[in-house]
Amino acid sequence: MAITTGTPAVGLALCVAALRVTTLAMRGTYAHSWRHTSLRDTFVLVPALLGPTVVFAVAAVMTSAAEVVATLVLEGLLATFAALAARASVRWLDERQARSQAEAVAECPARPVLLVGAGRAGTLAARELGRRPDLGYRPIGFLDDDPSLRGRRIEGLEVFGTTADAETVAAGLGVECLILALPSATPAQRRSIVARLSDAGLDVRTIPDYHDLLAGKVELTKIRPVKVEDLLGRNVVETDASRWSEIVATIKGKRVLVTGAGGSIGSELCRQIADLEPERLVLLEGNENNLFDIEGEVRKRIGARAVPCLADVRDVERMQREFAHHRPQVVFHAAAFKHVPMMELHPDDAILNNVFGTKTVVEAAESVGVERFLFVSTDKAVNPANVMGASKRMAEMVVQAHASRSRGRFCCVRFGNVLGSRGSVIHTFRRQIENGGPVTVTHPDVTRFFMTIPEAVRLLIQSNAVQDGGEVFLLDMGEPVRIMDLAKQMIHLSGLTEEDVPISVCGLRPGEKLYEELLRDEEGTLPSKVDGVFHAKLAPVSPASLGTWLGRLDSAARSHDEETIRRILAIAAGYRPDPAAAPVPAPLPAVSTKRREVA
């Protein structure tokens, strides 16, 4: 369209307005709520408003009507300013009205708080808490360990200093509560910050995860006291998007069976597998109450494709029958006895359930041509100092031996303690604190690895997808945590001190180590195809030698010969109990078979 000096001003204005309305409609800006105008809306609105101005201004220059360019630019800027000002005014009035209504219904005055972290999560928290006094918090400033932010103002609030200044700043401002807004901090960083703040006698709370807030999974109203689970574990490794389709393909449309489906790991496996749309998910569990709970939960997700199966993995005939009926293509074997002290007292049950239960499940899976099989192992299988760990190492060897001759893919995955499991020390400490103590720690220097159950299960599913068969994987558990420090932190997070709840050192229990390991000294690791998962380099297992030891173990376990069980585990699985914590097994008479290569 040619624009000349003779073009009527009204006609030109109508052309610009028509193009602007069309552009705004095409960008969808009329569907945006003015009361919730955000920076993202601005990035859509401004180009839509100024675009027509640019088009007509270029046309004017090309048609030698440059004298109208200034008018067009001024009109465009005024239109943009007016549109943004109108939206900002509506949002400001809405927030003012919401604040007034919240103040009117609030039962008590808002509590002054400092926000720890002046990043995106802290900014979001400051904005929302400022307009929602009914939540009971009134932000008056920030603390951030970036010294360059000191004195800056964010959302109208000053950054008063770093967390090292928390006690001084809080006292000067009359603040007793701090809210953590640190979604990117590592667990070690959170532990350090929380310890510093708790030692200063401050009430420490946290906002939900920033990414969950943006995704709408939770609301900012879910501000809560810091839990010890927030301070443990490892940095979450995001799933590699390029491999996601490969991971999904190993589950989607497949018949999947999970043993130990009602346990801590097994139940989370069922939840995450259900989200990957299997053709059928068989929940195999020996405890009827656990099976009832997980079946009800998974059925809500996938309906009748969730099939409960009440069965014991030690029952050979039953396993053969169930596998023949369901013909699973993928198996996750999570059923096991895991309590170290209990298995020290009942080594026969540890062998029958953990070793021969695994053997039964592996053979049943192999008989139906399973495509993939994953055995959930433990870090206690490394240099085992207890019967439980030794039994799991024997079970690993069973899986490795079958992997060497099976057409299906069989692998093992080792990892340490998971947060939230029923046997976790955290539950014990929490119960002891509620009862007024003492909190019992076995040794001042004992350390453990920790990982959240959902993170561990995500890595299990990914390991299953990338296995070639025969591997023993181990999960990156992060840094070990000193249990004494954990006990102190849990007491402080409860608003108490060691004077209120004393800590008692009770000595190592039978089979317990000071430090858990993920690899033997002579073993090494290789990177795997999954971030956060390593491939352990282990010597091959001799099926003939293993078969001899299994035969003797079976006989000893069924006759409840605990001494013989311990002696066989010492030779076959490298079982080396601490003499101060458990009896040393006597030498075992020689057998005719050649001793296996792997300790």
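The values are calculated or read from the model by the stated rules, or taken from the named source; none is laboratory data. Just so it is clear, the structure is predicted and the values come from calculations on it, not from any experiment. Note that each Cβ is placed from the backbone with ideal geometry, even for glycine, and that neighbours are counted across all protein chains shown.
Structure values in brief
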quantity: Any pair with Cβ under 8 angstrom, 6 or more apart, that starts in the stretch 439-467 at a residue that is not assigned by TED's automatic domain parsing to the domain that holds Val258 and charged (D, E, K, R) and ends at one that is surrounded by 21 or more Cβ atoms within 10 Å (Cβ to Cβ) and part of a strand (DSSP E or B); calculated: none
quantity: Listing of helices (runs of 4 or more DSSP H) fully contained in the stretch 114-199 that carry 2 or more residues being free of Cβ contacts under 8 Å to residues at least 24 places away in the same chain; calculated: 166-173, 187-199
quantity: The stretch 351-383: number of residues that are out of contact with any helix residue (DSSP H, G or I) (no Cβ under 7 Å at 6 or more places or on another chain), assigned to a helix (DSSP H, G or I) and charged (D, E, K, R); calculated: 2
quantity: Qualifying residues in the stretch 523-550 (those that are in a strand (DSSP E or B) and not β-branched (Val, Ile, Thr)) - the one farthest from Gln462 (Cα to Cα); calculated: Gly524
quantity: Glu297 vs. criteria over 25 Å from Asn417 (Cβ atoms) and either in contact with a strand residue (DSSP E or B) (Cβ under 8 Å, 6 or more places away or on another chain) or in contact (Cβ under 8 Å) with a residue 12 or more places away in the chain (or both); calculated: no
quantity: Subset of the stretch 219-257 that is surrounded by fewer than 16 Cβ atoms within 10 Å (Cβ to Cβ), closer than 25 Å to Glu176 by Cβ and touching a Pro at 6+ places or on another chain (Cβ under 8 Å) - its residue that is modelled with the highest pLDDT; calculated: Lys222
quantity: Single condition Gln329 does not satisfy, out of (1) modelled with pLDDT of 95 or more; (2) more than 24 Å from the chain's Cα centre (by Cα); (3) over 20 Å from Ala249 (Cα atoms); calculated: (3)
